[in-house]
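Here's the structure we're looking at; comments come further down.
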Amino acid sequence: MPIGMVILGRQGSGKGTQAIRIAESYGVVHISTGDMLRAAVAEGTELGLKAKSIMDAGDLVPDSVINGIVEERLLKQDVQSGGFLLDGFPRTVGQAEALLTYAEDDLRLALNLDVSIDEVMTRMLSRGRDDDTAEAITRRLELYETETAPLLDWFAERGILKIVDGNGTETDVFSRLRAVIEEISEK
């Protein structure tokens, strides 16, 4: 049975890197919301065109459009046969509830990469990106905390949240993630 997973974690927690490793190891389709939006826009789907006009206006794409794009993507054959790993979605309880309406049977695991605020701050500042000022990072992390804390509780209530220590080398973190995924896929 294809397994559906969500990967969560503060910016700088190594989520993107680990998501790629998980997808390669387990054959699940790594779906990042950013990639999906770009793909829907490129394909010119109805939702993609709607998202494009919103983004062109400089606004955030609303849940109704994001939910539709995710649903469209999860119905494609590669996901139906291989399973999925969502990265960057859901970000809110509302999005998570929408996800359940079309992926409840497949959604088996929510992984939260736990890295302290001090550590992600250090990692992001060392990347040296222009938009990674201490103030900007602090703002993004605060937003993440307010949006995502209720989401972690929501997944925990459903018994599918696993908190994984995100400190250490990429390989250390990946082996911790693998242990959790193996446990779930044996069920």
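Readers should treat all values here as calculations from the given coordinates under stated rules, not as data from a laboratory. Source: prediction; values computed, not measured. Ideal geometry is used to build each Cβ from the backbone, glycine not excepted, and the neighbour counts take in all protein chains shown.
Assorted remarks:
- At an R0 of 41 angstrom, the distance between the Cβ atoms of E46 and T138 translates into a FRET efficiency of 0.60.
- Phi-based couplings in Hz for the stretch 88-99 (Karplus 6.51, -1.76, 1.60; Gly and Pro marked x): x, 8, x, 9, 9, 4, x, 5, 5, 5, 5, 4
- Restricting attention to the chain, lysine pairs at least eight places apart or on different chains and with alpha-carbon atoms under 24 angstrom apart total 5.
- Taking every alpha-carbon pair within the chain, the share separated by more than 27 Å comes to 28 percent.
- For V29, the residues whose amide H sits under 5 Å from its own are G83, F84, L85, ignoring neighbours fewer than 5 places away on the same chain, with H placed 1.01 Å from N.
- ³J(HN,Hα), Karplus 6.51/-1.76/1.60, whole Hz, each residue of the stretch 59-74, x for Gly, Pro: 9, 7, 6, x, 3, 4, 6, 4, 4, x, 5, 5, 4, 4, 5, 6
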